[in-house]
Structures are given as C-alpha cells and as structure tokens.
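Values quoted throughout were computed directly from the atomic coordinates according to the rules given, and no laboratory measurement underlies them. Keep in mind that what you see is a predicted model, and the values were worked out from it rather than measured. Every residue, glycine as well, gets a Cβ built from its backbone with ideal geometry; the counts of neighbours run over all protein chains shown.
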Amino acid sequence: MCIFCSIINGEIPSYKVYEDENVLGILDISQVTKGHCILMPKRHVANILEADDETAKNLMVASKHLAQTIVSKTNANGVNILTNCKEAAGQTVDHLHFHVIPRFDESDAIEITFNDSNITNLEDIHTLLTK
Ligand code: AMP
Ligand code: ZN
C-alpha cells in the first residue's frame, strides 16, 4: 500500500487540515513555507494524468478552499497550488496530490522560475497540440 493510502487509512499519523467525502488535506512533513499542505483524493490514483474528471474537480475545489484558509490564517501574500506528475516532473509519492504552498516574500524556500528556452516555433507547436 502507498504511504498516502496508509495516511488516509489512519495507519500512519498526520496533521489533518482538511477533509471531505473524497479528499484529505494534511500538513506536508517538510514545510517549504509555514503552512505548506498537501491534498489527496481518498481513492488511490497515481497522478493527474490518470485521474478521472470528478477526482480532478474535487481536488481543485478543495485546494481553493484550503488555500483561502491558509492565506487568511498565515497572512500570506500569495499561494502556489501545484501538482508534480511523474518522476520527470519531480513526483516522489505516486498518489495524486496537490501542494498548497503559502508565499510570503523572497526568503521563501521555494523558487518557481520560467526560464527562456529559446523555443520560438509556436506555429509548429500549435499544430502539434491541436491537429
Ligand atoms: P511530490 O514530490 O510532489 O511527490 O511531493 C510529495 C510530498 O509528500 C513531499 O513534499 C513530502 O514532504 C510529502 N510527504 C512524504 N511523506 C509524508 C508524510 N508521511 N506526511 C506528510 N507529508 C509527507
Ligand atoms: Zn495511495
């Protein structure tokens, strides 16, 4: 059984911050910023690519609500909501989860930077994705 399924089943302790019929939210064990949480569907699915639409919707709505609570309680200046999908994208636990990471200032231990890749052929990429 995966580690998040064990948390959902109560076999591994966690700090619960959100729960509804379909979704569990807990404090991330490694706090990137103060209040960093993860939200997971109670039914095991490996990642967002494999999730059904209902699961994806449930997680997104729960993320919005939890983000509002976290920002309000921590007085954060912003928040990142993100999911890593598969090893190439940094996923380390193969049970779908969204990170909700409150953001305060430039001293936050997280940096999300969009570097210029020199990819400029938008016409070809648009054709690839849509045709
Ligand atoms: P990712 O790298 O996107 O797959 O994120 C996995 C996250 O799960 C990491 O941020 C870990 O710190 C977190 N994590 C792993 N084990 C636990 C645990 N037992 N309780 C809470 N968070 C955990
Ligand atoms: Zn699982």
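With a 10 Å radius around each residue's Cβ, average the other Cβ atoms per peptide and rank 19-32, 38-51, 79-92, highest first.
38-51, 19-32, 79-92
Report the extension gain between LYS16 and ALA46 in nm, rounded to one decimal, defined as 0.36 nm multiplied by the number of residues separating them, less their alpha carbon distance.
Fully extending the segment from LYS16 to ALA46 adds 8.7 nm.
Given Cα pairs under 8 Å that are at least 6 residues apart, what percent is the relative contact order of the chain?
Relative CO of the chain lands at 25 percent.
Taking 21 Å as the cut-off for C-alpha to C-alpha distance, list the pairs among LYS57/LYS131; LYS34/LYS86; LYS34/LYS73; LYS16/LYS73 that go past it.
LYS57/LYS131; LYS34/LYS86
Is it possible to state the helix-based mean residue ellipticity at 222 nm for the chain, with each DSSP H run of 4+ residues giving -39500 (n - 2.57), the sum divided by total residues, to the nearest 500 deg cm²/dmol? What is it?
Calculated mean residue ellipticity at 222 nm is -9000 deg cm²/dmol.
Can you tell me the order of 93-105, 119-131 when each peptide is scored by its average per-residue count of other Cβ atoms within 10 angstrom, highest first?
The packing order, highest mean first, is 93-105, 119-131.
Please work out the Kirkwood hydrodynamic radius for the chain, using every pair of different C-alpha atoms, and report it in angstroms with one decimal place.
For the chain, the Kirkwood estimate is 16.2 Å.
Helix 53-74 versus the longest principal axis of the chain: what angle, 0 to 90°, nearest 10, using Cα atoms?
For 53-74 against the chain, the angle is about 70 degrees.
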